[in-house]
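Chemist: The structure under discussion is supplied below as structure tokens; questions concerning it will follow.
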Amino acid sequence: VQLQACGGGLVQAGGSLRLSCAASGRTFSNYAMGWFRQAPGKEREFAASISGSGAIVSYTDSVKGRFTISRDNARNTVYLQMNSLKPEDTAVYYCAAAPLPISISRRTSDFRSWGQGTLVTVSS
């Protein structure tokens, strides 16, 4: 599956952004989808993931209550709504797909396809 992410930008602390990731090439609902992020000088880390049906979601603790992952299987798109953004959320955000039809993952190694990344910068 091919992935194309967009929606990043510059926002002030406390603001919101919505990232989108469009998929093509395979049956979208057969893939769990995830958002990962990589801050400058740091390793890529898990942010959120969602199962193929959208019924199961998972978040890293630092974004719980502020970020919401969702998907529209009819549009082959996954979203990450980010509210109450903090400077520490500044990173390149990557969407990724894992061939897990009914389960979910937080492990980078489970995700086989990756988008190109979109930069989110949160100013203080």
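Chemist: Averaged over all directions, how much area does the convex hull of the C-alpha atoms of the chain cover when projected, in nm²?
Modeler: 6.6
Chemist: Summarise the accessible area of the chain (1.4 Å probe, protein heavy atoms) by the percent that is carbon and sulfur.
Modeler: Carbon and sulfur: 47 percent of the exposed surface of the chain.
Chemist: Return a whole-number percent for the relative contact order of the chain, with Cα pairs under 8 Å and 6 or more residues apart as the contact set.
Modeler: Reported as a whole number, the value is 37 percent.
Chemist: Just to confirm, what accessible area per residue do you get for region 12-112 at 1.4 Å probe, in whole Å²?
Modeler: 49
The values are calculated or read from the model by the stated rules, or taken from the named source; none is laboratory data. On a predicted model such as this, the values are computed, not experimentally measured, just so you know. Heads up: the accessible areas ignore ligands, DNA and RNA and are worked out on the full protein's heavy atoms, side chains in. Shrake-Rupley method; radii C 1.70, N 1.55, O 1.52, S 1.80 Å.
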